[in-house]
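Engineer: Right, I'll just put the structure down here and ask away after.
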Amino acid sequence: KVIFTSGKLYHELLTERTKRSCEHSVALVRVEEYCPFPWEEVKREVEKYNKEGVQWVWAQEEHLNGGAWGHVQPRLNQLLPEECRKKGGVVYVGRGPAAAPANGIYSMHTKEQTQIYEDAFAGVGGGPETNDAAFGRTGTASLYESLKLLGFTCYHMKEISRLNLPTQPWLDASNGIDVDWGQVFEPYGYDAAVNWPVCTFYKSILKRYPGAKVVLTKRDPEKWYESVRKTIYEFDKVETEDPVHKRILEMHKKIVWDGTFSGRFEDKSHAIDVYNAHIQDVISTVPPAQLLVFHVSEGWDPLCEFLGVEKPDVPFPHANEASEMIRRLKEGGVFKGT
């Protein structure tokens, strides 16, 4: 992994790299001049570290819309190998977008700073130990939050948006192209994965990680359909000029709406038949010892027992994304603060 950064964050990442003993797997490149952009110097660094499987990162402690990201991203991408550009180019690590330059709360600032370190050095994991093979809106948001509380680094649609992760591997898989799932998960340190598009390719992922445990979150089919129809389905109809979300919507359309539901999601009977068939497919495919059929209302006990981890001393998270998505749809601010 090669991390481009600047300012005091360079020194902080240098300290973190030493703490984590990953000097031989992570290179730090300090960029202190933006205008004019140091084309030749950066080009030399790219040529120095260029090899198959390298992940290129830009790290900043400023917010997404307040630091150098908008300036350096297109310039770095011009210098990166073509294969990297095809997969989405340089990866962003830093705070999300915000209206103010600082949140003013020390504890929150510290938490955000720690997350920057974790995101910057993600990549030592060996792929998913736990996968959720269920469709979205079955409790996957709660499962995502619970797995994080249990110490997993969890891949989710939110991660694609938050870190601008590549969507091309999922499109390749939908076109029948063999995908190296190790390159999708391992460079970022993900040891768990949930939600679409993961559930669509759970068989292929399980083939790559045959010892992984599989959680199948379930929900009443009628309630599931109404929830998806009022949230994700409407959400994905909204036009956006944001390039990251544009890629995500295009991926969703091809894999979920045109793929899984054959362009017939509005046919309720058909959609529910597909949902039920997927559940039966997972149950008949995954070895019983590796499968947990799970309702999030059951809480920590069955999940922790299945994963072989200690039950945490905090309430099981019950994330209610539906109300938030509906609110943003009504307000017309679908992609604000994502």
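Engineer: Mind checking whether some residue in region 47-68 is surrounded by 14 or more Cβ atoms within 10 Å (Cβ to Cβ), touching a residue at least 24 places away in the same chain (Cβ under 8 Å) and in a helix (DSSP H, G or I)?
Structural biologist: no
Engineer: Write out, first by first residue and then by second, each pair whose Cβ atoms fall under 6 Å of each other, whose residues are 6+ apart or on separate chains, and whose first residue, in region 169-191, is more than 13 Å from Tyr202 (Cα to Cα) while the second is acidic (Asp, Glu) and not in a helix (DSSP H, G or I).
Structural biologist: Final answer for the pair search is Asp191/Glu129.
Engineer: Right, here's the next one. For region 14-38, name all the residues that are touching a strand residue (DSSP E or B) at 6+ places or on another chain (Cβ under 9 Å) and open to solvent by 40 Å² or more (accessible area, probe 1.4 Å).
Structural biologist: Within region 14-38, the subset touching a strand residue (DSSP E or B) at 6+ places or on another chain (Cβ under 9 Å) is 14, 17, 26-31.
Across region 14-38, the qualifying residues are Leu14, Arg17, Arg30.
Engineer: Is region 264-275 home to any residue that is modelled with pLDDT of 95 or more, of a type outside the set (Lys, Arg) and at positive phi?
Structural biologist: Initial filter on region 264-275 (modelled with pLDDT of 95 or more): 264-275.
Filter again for of a type outside the set (Lys, Arg), leaving 265-267, 269-275.
Subsequent filtering for residues that are at positive phi retains none.
Checking region 264-275: not a single residue is modelled with pLDDT of 95 or more, of a type outside the set (Lys, Arg) and at positive phi.
Engineer: Continuing with this model, one more query. Across region 293-318, what is the total count of residues that are in a loop (DSSP other than H, G, I, E, B), within 17 Å of Asp220 (Cα to Cα) and touching a helix residue (DSSP H, G or I) at 6+ places or on another chain (Cβ under 7 Å)?
Structural biologist: Residues meeting the conditions: 1.
Engineer: With respect to Val184, is the statement that it is modelled with pLDDT of 95 or more and not polar (S, T, N, Q) true?
Structural biologist: Details: modelled with pLDDT of 95 or more: no; not polar (S, T, N, Q): yes.
No.
Engineer: Which of the residues that make up region 260-292 are part of a loop (DSSP other than H, G, I, E, B), in contact (Cβ under 8 Å) with a residue 24 or more places away in the chain and among the aromatic types (Phe, Trp, Tyr)?
Structural biologist: Across region 260-292, the qualifying residue is only Phe265.
Engineer: List pairs: first residue in region 97-112 and part of a helix (DSSP H, G or I), second residue among the small types (Gly, Ala, Ser) and open to solvent by 60 Å² or more (accessible area, probe 1.4 Å) anywhere in the structure, Cβ distance under 9 angstrom, at least six positions apart or on different chains.
Structural biologist: His109/Ala102
Engineer: Which of the residues spanning region 224-259 are more than 18 Å from Ile279 (Cβ to Cβ), free of Cβ contacts under 8 Å to residues at least 60 places away in the same chain and not in a loop (DSSP other than H, G, I, E, B)?
Structural biologist: Across region 224-259, the qualifying residues are Arg229, Tyr233, Pro243, Lys246, Leu249, His252, Lys253, Trp257, Asp258.
Engineer: Kindly evaluate Phe4 against the criterion of being more than 28 Å from Met251 (Cα to Cα), in contact (Cβ under 8 Å) with a residue 12 or more places away in the chain and part of a strand (DSSP E or B).
Structural biologist: Working: more than 28 Å from Met251 (Cα to Cα): yes; in contact (Cβ under 8 Å) with a residue 12 or more places away in the chain: yes; part of a strand (DSSP E or B): yes.
Yes; evaluated as a whole, the condition is true for this residue.
Engineer: Considering only residues that are in a helix (DSSP H, G or I), open to solvent by 50 Å² or more (accessible area, probe 1.4 Å) and in contact (Cβ under 8 Å) with a residue 40 or more places away in the chain, which ones fall in region 69-87?
Structural biologist: The answer is Lys86, and nothing else.
Engineer: With respect to the numbered conditions (1) touching a helix residue (DSSP H, G or I) at 6+ places or on another chain (Cβ under 9 Å); (2) surrounded by fewer than 17 Cβ atoms within 10 Å (Cβ to Cβ); (3) not aromatic (Phe, Trp, Tyr), which one is the sole condition not fulfilled by Glu41?
Structural biologist: So Glu41 meets the others, but not (1).
Engineer: Any chance you could count how many residues in region 222-239 are in contact with a Leu (Cβ under 8 Å, 6 or more places away or on another chain) and either open to solvent by 50 Å² or more (accessible area, probe 1.4 Å) or at pLDDT 95 or above (or both)?
Structural biologist: Qualifying residue count for the region: 1.
The values are calculated or read from the model by the stated rules, or taken from the named source; none is laboratory data. Source: prediction; values computed, not measured. Using ideal geometry, Cβ is built from the backbone for each residue, glycine included, and neighbour counts are taken over all protein chains shown. The area values use the complete protein model at the heavy-atom level, side chains included, leaving out ligands, DNA and RNA. Shrake-Rupley method; radii C 1.70, N 1.55, O 1.52, S 1.80 Å.
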